[in-house]
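Here is the structure we will look at, set down as structure tokens.
The values are calculated or read from the model by the stated rules, or taken from the named source; none is laboratory data. All values derive from a computational prediction rather than experimental measurement. Methodologically, a virtual Cβ is constructed for each residue, glycine included, from the backbone with ideal geometry; neighbour enumeration extends over all protein chains shown.
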Amino acid sequence: MPRLMLTDARWEKLFHLMKSTGRVYNKPEHRQTFEGILYRLRTGIPWRDLPKEFGHWSTVFRRFHLW
């Protein structure tokens, strides 16, 4: 895992916080999406240049926009 990615412990805390809003439910791709959002915010790259490891860029952007 790259040094700037979320640890499992931090992801669990964040996930419980996100779940308490009622809009996020338990889907495995939420962590991947959130990591993609963090990567994009850290690097400042355009959404379309997001690496494929985070999923399709438009899916990550759409979820970012909804959240």
Point to revise | Selection count, region 41-64, where residues are surrounded by 14 or more Cβ atoms within 10 Å (Cβ to Cβ), touching a residue at least 24 places away in the same chain (Cβ under 8 Å) and assigned to a helix (DSSP H, G or I) | key: 4
Study note, to complete from the structure: Here the residues within region 17-40 that are free of Cβ contacts under 8 Å to residues at least 12 places away in the same chain and either at positive phi or hydroxyl-bearing (Ser, Thr, Tyr) (or both) are SER20, THR21, GLY22, TYR25
Check your understanding: Of THR21, THR33, which residue is exposed (fewer than 10 other Cβ atoms within 10 Å of the Cβ) and modelled with pLDDT under 90?
Key -> THR21
